[in-house]
Amino acid sequence: MDKQRRNFLKKTGAAGVVALAAGASAPESSLAQGAGPGASPGSPAAPKRMTFVTLRSGDAYGLGVKTDLGILDVTKTAKFLRSPAPTTIEDLIRRGDRGLTELVKVALARRTPGFFISEDRAEFGPCVTNPEKILCVGLNYARHARETNNPIPKLPILFNKFNNALNSHGGTVRVSSIPAERFDYESELVIVMGKNARNVSEAEALSYVFGYCNGNDFTARDLQSRSSQWMIGKTCDGFGLLGPYLVTADQVDPNNLKIEGSVNGEVRQSSNTSDMVFNCAQIVSYASTLMTLLPGDVIYTGTPEGVISGYPKEKQVWLKAGDRLTTTIEKLGTLRFALT
């Protein structure tokens, strides 16, 4: 053991070291405790009351935890402490805590500056980096359906994005490279699944959710309207913004969150998730009757009123390179990105 690590563990105290070691030896089948209603015996225990980010380093992604001391670089800390804690968001969602909670406690107790990064210096990746599925719900706010002269849907309208669309807090959307002109914003609450879900009831649906984050379902309306299928207007490179934070589900009531979107500092969307036609439990339950939802799958839950396509035609000024956009959701922070 090198001198720096020995001094760290000595100052941290034996309890934290024992807890980290216990995390290494605990069988995964024992981790279902605390995973929530509907968890199978093999379901990994999800962390509680934590806020995660994805840290980007070149082409690599690592796990970060938001703390009062800054963002804890879990990859760096786990390597230093020889901890089995997960070091990517995918590993965490799919395989559970595995000592992460104790790792964070040890790091905070020691307050080693080298383990923490200030948010203004962090380079973010999408807060979920490799979902199997990216589902989106169309026309899911009543006032948004009305502003676009569409009927209120009787069932959730589902469409898809692909992983090429994933983008991050602080990222850019290269609209100048897209053969389109009518670019529009869609601020959205995003569900991130935490467990396999197939034919789950509405009553249990939210227990299958790992957490929630901000999203922006960026859209090229002229591509979207080329046919009855919306896909090509929705899944161009960079059109799926996620972040900056992924907040564990135990901290969020998804049915009553203020949501706002702005362009160049001007608020364009201001609503509440209570205006959803189908709430998060209904969306998860319905989707699970059609397909198996997997840990790490992402669901954009729809956008409120205020999109450009809902304006009278004479007032529609489409987005362009140089515009700066935000999505802010209560308890989930602010997602910022720019157009180039």
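The values are calculated or read from the model by the stated rules, or taken from the named source; none is laboratory data. Quick caveat, the model's predicted, so the values are computed rather than measured. Note that we place each Cβ from the backbone using ideal geometry, even for glycine, and neighbour counts take in every protein chain shown. When the accessible area is computed, the model is the full protein with side chains, heavy atoms only, and any ligands, DNA or RNA have been set aside. Shrake-Rupley method; radii C 1.70, N 1.55, O 1.52, S 1.80 Å.
Dipole size in debye (nearest 20) for the range 185-340 around its Cα centre, Lys and Arg Cβ +1, Asp and Glu Cβ -1?
Here the size comes out at about 380 debye.
Among the listed pairs Lys195/Lys313; Lys66/Lys258; Lys48/Lys133; Lys105/Lys161; Lys79/Lys320; Lys66/Lys161, which have their C-alpha atoms separated by more than 32 angstrom in this model?
Lys195/Lys313; Lys105/Lys161; Lys79/Lys320, as the Cα separations exceed 32 Å there.
Around Gly302, with a cut-off of 9 angstrom between Cβ atoms, what is the net charge of the other residues, counting Lys and Arg +1 and Asp and Glu -1?
Charge balance in the 9 Å sphere: -3.
Might you tell me the accessible area per residue for the chain, computed with a 1.4 Å probe and given in Å²?
44
How large is ³J(HN,Hα) for each residue in the range 127-137, as worked out from phi by the Karplus curve 6.51 cos²θ - 1.76 cosθ + 1.60 (θ = phi - 60°), to whole Hz, x for Gly and Pro?
Listing the rounded values in order: 5, 10, 10, 8, x, 5, 10, 10, 9, 9, 10 Hz.
Using amide H atoms built in the peptide plane, which far-off residues or other-chain residues are under 5 Å from Gly125 H to H?
For Gly125, the qualifying residues are Thr54, Leu55, Arg56.
Volume per residue, Å³, of the convex hull around the alpha-carbon atoms of the chain?
Per-residue hull volume (Cα only) is 126 Å³.
What is the magnitude of the charge dipole of the range 47-101 about its Cα centre, with +1 placed on the Cβ of each Lys and Arg, -1 on the Cβ of each Asp and Glu, and no other charges, expressed in debye to the nearest 20?
160
Which residue fluctuates the most in the chain, going by a Gaussian network model with Cα springs under 10 Å, if the choices are Gly114, Gly70, Gly99?
Checking each option, the largest mean-square fluctuation is seen for Gly114.
What dipole magnitude, in Debye to the nearest 20, does the range 252-340 give about its Cα centre under +1 on Lys/Arg Cβ and -1 on Asp/Glu Cβ?
It comes to approximately 280 debye.
Leaving ligands, DNA and RNA out of it, report the carbon-plus-sulfur percent of the accessible area of the range 61-142 at a 1.4 Å probe.
48
How big is D for the range 177-249, in µm² s⁻¹ as a whole number, if Stokes-Einstein is applied with the Kirkwood radius of its Cα pairs at 25 °C and 0.890 mPa s?
174
Taking the dipole about the Cα centre of the chain, with the C-beta of Lys and Arg at +1 and of Asp and Glu at -1, give me whichever of Asn255, Gly99, Asn214 is farthest to the positive side.
Among Asn255, Gly99, Asn214, the one farthest towards the positive end of the dipole of the chain is Gly99.
Distance from the Cα centre of the range 132-201 to that of the range 73-127, in angstrom?
30
Comparing Thr326, Thr289, Thr88, which has the greatest mean-square fluctuation in the GNM of the chain with Cα pairs linked when under 10 Å apart?
Comparing Thr326, Thr289, Thr88 in the GNM, the peak value goes to Thr289.
On the full set of protein chains, 1.4 Å probe, figure out the accessible area of Glu202 and give it in Å² to the nearest 10.
Approximately 100 Å² of Glu202 is accessible to the 1.4 Å probe.
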